[in-house]
Structure formats: structure tokens, C-alpha cells
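Structure first, commentary second.
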Amino acid sequence: MLNVPGLVAIIIFYLAILSVGLWAAWRRRGITDTDEVMLAGRSIGTFVGILTMTATWVGGGYINGSAESIFTSGLIWCQAPFGYAISLSLGGMFFAKPMREAGYVTMLDPLQDKFGKRWGGMLYLPAVLGETLWSAAILSALGSTLAVILDLNNELSIIVSAAIAVAYTLFGGLYSVAYTDVVQLFCIFIGLWISIPFAIKHEAVGSLAPSDTDWLGSIEEPHLWGEWIDYAVLLIFGGIPWQVYFQRVLSAKTSRNAQILSFAGSLGCFIMAVPACIIGAIAKATDWTATDYNQTISTKAQTKLVLPLVLQYLTPGWVAFLGLGAVSAAVMSSADSSVLSASSMFARNIYKNVLRPKASENELIWVMRGSVIVVAISASAIAIKGNSIYELFYLCGDFVYVMLFPQLTMTVHGAKYVNVYGSIVAYVVGLLLRILGGEKVLGIPPVLKYPWFKDGTQYFPFRTLSMVVTLIVLVLVSALAKYLFKSGKLPSSFDTFKVFSEDTQVVITMKSKNSSNGVDNPALDMESSSDKIRPPSYKQALDSTNF
């Protein structure tokens, strides 16, 4: 039966969020600069920046998925809050400063700067896949919550929620997203913490002592450690190469601010996971047959509803509405960020850099808005079909971790050791290894069966192995290509991407000019390496064009 008071409450909440987003968009009306829309003019302050950084990660998948994981497997398997918190800290230590100081606009800029616009654009595929699956996990969480508490249709709930987030993102860009994040984060914090005391006091809830409820969980078989390590490392390092993260970093006023946002966001993510974990423990200690729900929670379809079930059956109605507002806020705070990130990369790195280099700023903004709609529709479709929030949560980082993390890391911290030939081979190898390892969520059977393979599951940390192999292939093939071309074992005509032949031509021309003046420059003879003479960097291009 439709919960009319709850429906009215959620409509009021949605209208409030939409109003804040549209107000922020109105303040920036008339702006036709992509830098303003994508990065809020690089004017995000420390306070707003910390809150929007935290809210970006603390989405519906994060909240509902953490509660689901505590209920099904225990705290030891609830790795996302810890993994992503550590990931933000590592991002602040090793990536925030160099990326912000370089003046990049998106995460793909350094990749296109190093590997060329066309091949660098190919790295958009794992990035957009990750952002889309992330949004799907978020929307799936909200759909299930609204379905339980308000008795609304799951599909309708997902579509309406996505439409609200898209509405203010279309016109306000990051500026609207950041301001709504501030409101949403407070709603999440207040809504979840208020529900906990009421839920604990419910008569159907038993002891929360670990010895009675076992909400801590355990790893009973040795081979399970392989799977645990694989997911832990994936979340830590696979949580770095996300445009949704770098969009906040690059919008900061200074590189120092960018680091502060990362470190503070790390702490915020950890803190915001606490109430969700407690709610998961409460659900595990509850005799659900003694509640109005009157049945046990055992299937996947039920476990993904753990958090909304606690709100609906263990708390008073008005508290459940507050909790629903918290989950709704968490969803929109992350969904809007993800669709904006994916569309920003498409508009700039694909449409502008590859398809239409002469596109105007106004044209790019409209392309970005169209992309926002496409990504939101795709994420909504996946959310409607998805079974487990937490599985989507893990899966969204898989391809980003295996295919993108090694490429971004070497581009930022070891650019002279890699080139486009190594990037292409590493890309293909990483993709093949990950697919051949199988994926139950997508129904892909494993072709390569690693040690500890059992009952269709890879317990060996094959994702991490795939990432390491991708990294090694990237460096080794890059070195091999450089040696073959520089030594003359491969003719310059084979240098399809003109990585080495153009540099050699530049050196010969420079040397000829010096020789014509009767001056020999022995140092110049050593400059034939592409690591020494290369086209102006993306940062230099920005400086010269005042973009």
C-alpha cells in the first residue's frame, strides 16, 4: 500500500534539493566557459570542497552496500569504507598536487598529452564504464529503499531520482553539484544517526555483542584470504583513477587545497560509514520473524534491502522518513557527480580533442549536457537490472583498476618510461586478462582458472595480478619500442604514431643548423631521445592560450 505521508515527505525533500541545485545554477547563469561548468572556475573553497569530496564517495551504494555487507559477511568483509578512505589519502599524497599544478581539466588530459589525443581517448572507455556502474549502484540503492519504505515501484523510483539529479546538473555543472552536496551530506549524517537509537531499542533486536551476533565476520578458509586481498587492493588503488575524484582535486583553488580535500575527505568517508555499519549489525541481531516483516532475510533480493528494512520495521514512521531522506541525499550527491564526470571527459577528451577540435565553448557545454542524459539513462537501466548493490560497487572499480590505474600512475610519475606502443599493448593485455578471469555479475565464465579456483569462483587475487601484468607490459613494451626505433632495428616508417621519428628529425635539423655555423654541440647529440625533446606539454599549451 502506498505510503502517502512518506511520499509527500520525499517529494518535499526532492524539491528542496532541486531548488538548491537550480539556485546554484542561476548564480552562474549565462556562463559559456567549460572550465566554469566542469570545475566551477577552480574556485571551490576548503569547506565546500571537503564536503563535496566526502559526499561524492558516500553515496547510496556506499551506505546501503556497507549495511548489506555487515549483515551478510561481517565487518571484515566490509572493505569499501576502509579501502576508499585509504585511496583518498594516497590520492592526496601522490596525485593531487602534480595534477592540480599541471592545470589539467580532466583525468584523461595527461594521458592524451603523453599518448596522443586519439589513443588517450581510448582510455575513456574504462573510465566511463566505471562511472556508469558507480551511478548504477547508487541508483539501485535508492530504488530499493523507496520501494520498501514508500511501496513505490522500483523502476519508477530509480528513474525519478536520476531525473532530479540530472536536472540541476545540466544547468549548474559542478557548481550546483557542490552546493547540493553540502546539504545532502548533512541530511545523510543526521538521518542515519537519528534512526540508530530507535532501531536498537526495538524488542526484536537482540544482543549486539560480537560473540552473540558475529557481526565482525571471519575468514575461515585460507583460500578466502586471496579473494579478500584482491578486493582490498582493488578498492585502495582502484579508487584513485576516477574523474569524479579528480574533478574535485582540479577544482580546488590551489594544489595545497587539493591535498587537504583528499585527506579530509578520507576521514569523512570513514566517519560516514560508521552509522551504516551499525545499522547492518542491528539487522543481523534482529529476529525478523518477530517484526511486521514476519520473515527471515536470506535471498540476495532481500539482503540488498537491509538498510531500508531496518528503517521501515524497526523505527517509527517519522524516523524512517528521515532515514529515507538520508539515503536519497546520498544517492543524488554521488549520482550527479558521476554523470557530470563521465560527460565532462566525453565533451573535452573525445568530442573536443578527437572529433571536433574547433568546437566552440558553447557547443562543448551542450555536448556535455547531452552526455549527462545518456550516462544517466545507461546507469538507470543497469540499476534496474542489478541484483546486488555491493557487487555493482566492486565491479565498477574492476576495469578502472586493471586498465587505467597503471596507465595514469606511469603517466604522472614515470612519463619518460612509457609511450603509446606500450600503452596499447598493456590496454589489450589488461582487458583480456580481466575478461578471461570471468565475472559472475555479468555472467562471463572463467577461461583462465587460477590456483584456488573453486565452484566457479576465483579465490586467487587475479584482478591484482592482471593490474600488475598490465603495469609490467606497459613499461617493458615501451622500452622495447624505444630501443627498436632508436637503434634503427625498426625503420622510422614503422613509427605509426610518430613517437620517435619526429624527435629524431628535430634533433637532426637542430644539429644541422649548429653545424652550419661551425659549432658542434656534443650535448645535442644526446638529445635524440623522445624523453628529452618532445612537443610542448599540455600545461604549456594551456599557459600559451590562456584557456
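Show that you can apply the helix-only estimate: for the chain, add -39,500 (n - 2.57) for every DSSP H stretch of four or more residues, divide by all residues, and state [θ] at 222 nm to the nearest 500.
Details: 25 runs with 377 residues, N = 547.
The per-residue figure over the chain is -22500 deg cm²/dmol.
So if I place +1 on the C-beta of Lys and Arg and -1 on the C-beta of Asp and Glu, and nothing else carries charge, what would the dipole magnitude of region 182-254 be about its Cα centre? I want it in debye, nearest 20. Mind dumping the intermediate values first?
On the way: 3 positive and 7 negative charges, 151 e Å.
The dipole magnitude comes to about 720 debye.
Any idea what the dipole of the chain comes to, in debye rounded to 20, about its Cα centre with Lys/Arg Cβ at +1 and Asp/Glu Cβ at -1?
Values: 37 positive and 35 negative charges, 332 e Å.
Using only the charged Cβ atoms, the result is roughly 1600 debye.
Find the eigenvalues of the gyration tensor of the Cα atoms of region 211-306, then list the square roots of 5 times those eigenvalues as equivalent ellipsoid semi-axes, largest first, in whole angstrom. Working shown, then result.
Numbers: eigenvalues 254, 73, 32 Å².
Equivalent ellipsoid semi-axes, largest first: 36, 19, 13 Å.
Taken over region 414-499, the alpha-carbon convex hull comes to 114 cubic angstrom per residue. Cβ crowding within 10 Å ranks Glu68, Glu439 as Glu439, Glu68, fewest other Cβ atoms first. Under the Kirkwood approximation for Rh and a Cα-based Rg, what ratio Rg/Rh is obtained for region 341-460? Ratio value, two decimals: 1.05.
Provide the gained length on full extension for the span Asn362 to Ile190, in nm with one decimal, where the gain is 0.36 nm per separating residue minus the Cα-Cα distance.
Numbers: separation 172, 0.36 × 172 = 61.92 nm, distance 3.99 nm.
So the extension gain works out to 57.9 nm.
Ranked by the mean number of other Cβ atoms within 10 Å of their residues, highest first, the peptides 456-468, 108-120 come out as 108-120, 456-468.
Placing +1 on the Cβ of every Lys and Arg and -1 on the Cβ of every Asp and Glu, with nothing else charged, gives region 414-499 a dipole about its Cα centre of roughly 200 debye.
Over every Cα atom in the chain, the radius of gyration and the widest Cα-Cα span, Dmax, amount to 25.0, 96 Å.
Taking the mean number of other Cβ atoms within 10 Å as a proxy for protection, how do you rank 39-48, 208-217 from highest to lowest?
On the way: 39-48: 18.3, 208-217: 14.0.
Top of the packing list down: 39-48, 208-217.
Normalising the average separation of contacting C-alpha pairs (under 8 angstrom, six or more residues apart) by the number of residues puts the relative contact order of the chain at 26 percent. For region 114-186, the average shadow cast by the Cα convex hull is 6.8 nm², which is a quarter of the hull's surface.
Here, each number is a calculation from the coordinates, and none is a lab measurement. These figures come from a predicted structure and were not determined experimentally. A quick note on method: Cβ atoms are made from the backbone with ideal geometry, for glycine too, and the neighbour counts reach across all protein chains shown.
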